[in-house]
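First comes the structure, then the notes that go with it.
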Amino acid sequence: MKHYEVLFILKPTLTDEEVAARVEFVKQTLEKNGAKIAHTMTMGTRKLAYKIDKYERGTYYVIYFEAPTTLIAELERVLRITEDIIRFLIVKYENKREVSAWEKLVKGEKPGKKFKERAEKSDKGEKAKAAAQKEEDSE
């Protein structure tokens, strides 16, 4: 079984009950086709980067799941024909590093913490080198 996430955007005109029904529909589609849902995350209603089908806002949801690769074609088909979903994106986590990031996302942690710390240290080192070079040039 592979690790995946599906992000989808629902129309902002839906009521809370309709939104819950659509999310449940996507979950049932996943489970019916052999997926094991690890976590569902609500990202809320947000402004879109550009208008999609005359909508400026959308309600975002992310579902993390494990599934066989044959499920993805069926999931795409279902998401395309569901009128209340205005956009979707399916991401596959392949190598060990990506899978460990997936596991952290499922737990609610931020996966890039060490990377961010390394980048900050690198930036500090670069700034110090630039300052030293500037002092040498002024002398």
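The values are calculated or read from the model by the stated rules, or taken from the named source; none is laboratory data. Since the structure is predicted, the reported quantities are computational estimates derived from the model, not experimental observations. Note that we place each Cβ from the backbone using ideal geometry, even for glycine, and neighbour counts take in every protein chain shown.
Table for the structure above
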read-out	value
Enumeration of residues in segment 1-25 that are assigned to a helix (DSSP H, G or I) and free of Cβ contacts under 8 Å to residues at least 60 places away in the same chain	Asp16, Glu17, Val19, Ala20, Ala21, Val23, Glu24, Phe25
Some residue of segment 26-39 being of a type in the set (Lys, Arg), farther than 20 Å from Glu103 by Cα, in a loop (DSSP other than H, G, I, E, B) and assigned by TED's automatic domain parsing to the domain that holds Glu103	no
Some residue of segment 113-126 being at pLDDT 60 or above and either more than 22 Å from Leu10 (Cβ to Cβ) or not acidic (Asp, Glu) (or both)	no
Residue tally, condition loosely packed, with under 12 Cβ neighbours inside 10 Å and farther than 26 Å from Thr69 by Cβ, over segment 1-44	7
Any hit, segment 65-81, residues being of a type outside the set (D, E, K, R) and part of a strand (DSSP E or B)	yes
Residue within segment 63-77 that is farther than 21 Å from Val106 by Cβ and among the acidic types (Asp, Glu) present	yes
